[in-house]
Amino acid sequence: RLATYLDGVASTAWCAGGSDGGPWMELDMGGLGVVEGVVTMTRADMGGKQYVEKFKVAVSEDGSSWSQIEGVSGDTFTGHTAGDPDEQLMNLFADSHIVRYIR
């Protein structure tokens with residue numbers, strides 16, 4: 001859970017404002033590392049009512065040049081379809097990538 005790593009509070013989360021269909025966030029891992037997938041969770045403090053249904057992932061070594069990531073079934077990953085507040089959903093990439101930045 002991203003929020004736990006950033007602030008130590010398990011109930012916080014990033015979410016898009018309103019019904020924005022095109023928001024994104026960027027993660028800086030602080031150095032190059034191997035990334036093999038993404039895990040998403042519902043927002044626990046909202047009773048599981050906020051969650052991502054689908055998303056795309058791009059990666060970069062330098063923060064300037066980006067590559068769209070392919071999953072095992074295309075470039076759009078499937079997120080949650082129900083709001084279980086404890087559900088963790090793992091989406092693996094088709095290949096591992098050595099990157100610093102993730103969008």
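The values are calculated or read from the model by the stated rules, or taken from the named source; none is laboratory data. Every value quoted in this text rests on a predicted model; they were computed, and no experiment measured them. We place every Cβ from the backbone using ideal geometry, glycine too, and count neighbours over all the protein chains shown. To get the accessible areas, we keep the full protein, side chains included, count just its heavy atoms, and leave off ligands, DNA and RNA. Shrake-Rupley method; radii C 1.70, N 1.55, O 1.52, S 1.80 Å.
Quick one: in the range 77-86, of everything that is of a type outside the set (A, V, I, L, M, F, W, C) and open to solvent by less than 60 Å² (accessible area, probe 1.4 Å), which residue is modelled with the highest pLDDT? Selected residue: GLY79. Residues in the range 10-66 that are in contact with a Gly (Cβ under 7 Å, 6 or more places away or on another chain), of a type in the set (Phe, Trp, Tyr) and either modelled with pLDDT under 75 or open to solvent by less than 50 Å² (accessible area, probe 1.4 Å) (or both): 1 in all. Scanning the range 53-103 for residues that are aliphatic (A, V, I, L, M) and not in a loop (DSSP other than H, G, I, E, B) yields ALA58, VAL59, LEU89, MET90, LEU92, ALA94, ILE98, VAL99, ILE102.
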